[in-house]
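The values are calculated or read from the model by the stated rules, or taken from the named source; none is laboratory data. In this text, all values refer to a predicted model and were calculated from it rather than measured experimentally. We place every Cβ from the backbone using ideal geometry, glycine too, and count neighbours over all the protein chains shown. Calculation scope for accessible area: heavy atoms of the full protein, side chains included, ligands and nucleic acids excluded. Shrake-Rupley method; radii C 1.70, N 1.55, O 1.52, S 1.80 Å.
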Amino acid sequence: MNTVKKTRSSYLMIEMILLLVGLLFLVPFYFLLVNSVKGFGDILTNAAGWPEAFVWHNYAQAWQKTHFLTSFGNSLLITVMSNLLLALLCAMAAYRMVRRDTWFNRVLYGTFVAAMVIPFQSLMIPLVKVVSTLGVMDTRTGLILCYLGFGAPITVFLLHGFVKTVPFSIEEAGRVDGSGTFGIFFRLILPLMQPIIVTVIILNTLWIWNDYLMPSLILQSPNNRTIPIATYAFFGQFTKQWDLALPALVLGIAPVVIFFLAMQKYIIEGIAQGSVKG
């Protein structure tokens with residue numbers, strides 16, 4: 001009986017600790033949401049307190065000054081196209097490298113893994129020169145190509161490990177039924193890779209949607225601005241418009257938070273499927 005009580009007390013203690021940790025991670029969101037409906041003076045004098053008066057027109061001004069619909073459309077297009085290309089091309093590459101274990105594929109895979117440790121800052125100047133040479137500077141296409149190149153290493157790495165767990169007997173059964181290489185991949189292998197593909201899409205979405213550095217290097221025209229670049233317009237050399245920047249941040253992170261909550265069940269399914277695979 002005492003053992004049962006000790007076990008329950010331990011579980012209760014762990015739950016309390018996890019609850020406190022969860023609340024700690026929510027503190028930045030509290031500051032963001034509360035200060036987004038304050039006046040500029042109220043933010044400076046009472047950042048942690050409840051608003052003296054809710055200033056809802058902050059959101060309207062932030063919406064107009066960031067040209068939110070245009071910025072949102074650019075971010076959405078770049079994120080969706082980058083994810084589609086990364087998921088499809090990297091899945092095909094990982095499948096090929098696993099099923100054709102040649103020295104070339106081993107070296108190629110090692111190159112992808114090695115590229116993961118190269119800091120982006122060391123490649124910024126060469127990247128700008130390459131993009132300019134290709135004639136895709138200040139275009140959304142150029143930025144998508146950059147994300148494809150820089151997102152491929154980690155995506156191939158994750159997909160490569162998953163393909164190894166797929167039994168080869170499934171492909172043999174497909175070949176007996178008369179399917180070719182592309183038929184086997186798209187009809188058999190790709191559906192089995194859904195859990196890990198959803199995982200890499202979520203990771204890449206969080207990265208691409210919130211990225212500021214690469215778009216600031218590639219995109220220059222106001223019509224091509226993504227949400228992070230549009231939000232940075234509120235921070236100048238001598239002024240910082242916190243009363244407009246914070247609502248803009250809320251508007252910017254809301255879509256990706258909704259996306260993550262909607263995809264959460266697929267993450268759980270992926271973990272469950274991966275735990276019993278092979």
The one condition in (1) touching a residue at least 40 places away in the same chain (Cβ under 8 Å); (2) more than 17 Å from the chain's Cα centre (by Cα); (3) open to solvent by less than 70 Å² (accessible area, probe 1.4 Å) that Asn74 fails to fulfil: (2)
Tally of residues being under 22 Å from Leu84 (Cβ atoms) and open to solvent by 20 Å² or more (accessible area, probe 1.4 Å) across the stretch 199-213: 7
Scan of the stretch 155-180 for residues that are outside any loop (DSSP other than H, G, I, E, B) and open to solvent by 60 Å² or more (accessible area, probe 1.4 Å), ordered by number: Phe157, Phe168, Ser169, Glu172, Arg175, Val176
Hits in the stretch 51-71 (condition: farther than 21 Å from Ser221 by Cβ and open to solvent by 80 Å² or more (accessible area, probe 1.4 Å)): Glu52, Phe54, Trp56, His57
Test: Ile184 is buried (at least 17 other Cβ atoms within 10 Å of the Cβ), touching a residue at least 40 places away in the same chain (Cβ under 8 Å), among the β-branched types (Val, Ile, Thr) and assigned to a helix (DSSP H, G or I): no
Pick from the stretch 214-241, criterion of a type in the set (Gly, Ala, Ser) and in contact (Cβ under 8 Å) with a residue 24 or more places away in the chain, ranking: least open to solvent (accessible area, probe 1.4 Å): Ala230
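Is it the case that the stretch 188-202 has a residue that's under 19 Å from the mean Cα position of the chain (by Cα), farther than 27 Å from Met124 by Cα and not in a helix (DSSP H, G or I)? Full working, then the answer.
Keep residues of the stretch 188-202 that are under 19 Å from the mean Cα position of the chain (by Cα), which gives 193-202.
Then keep just the ones that are farther than 27 Å from Met124 by Cα; that gives 193-199.
Then keep just the ones that are not in a helix (DSSP H, G or I); that gives 193.
Checked against the condition, which is being under 19 Å from the mean Cα position of the chain (by Cα), farther than 27 Å from Met124 by Cα and not in a helix (DSSP H, G or I), the stretch 188-202 yields at least one hit.
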Hey, Ala48 over 23 Å from Ile229 (Cα atoms), in contact (Cβ under 8 Å) with a residue 12 or more places away in the chain, of a type in the set (Gly, Ala, Ser) and surrounded by 11 or more Cβ atoms within 10 Å (Cβ to Cβ) or not: no
Residue match in the stretch 20-40 (condition: without any contact (Cβ under 8 Å) to a residue 40 or more places away in the chain and among the hydroxyl-bearing types (Ser, Thr, Tyr)): yes
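Return the only residue of Leu261, Leu244 being open to solvent by 40 Å² or more (accessible area, probe 1.4 Å), on the phi < 0 side of the Ramachandran plot and at pLDDT 70 or above.
Numbers: Leu244 fails: open to solvent by 40 Å² or more (accessible area, probe 1.4 Å).
Within the list Leu261, Leu244, the selection yields Leu261.
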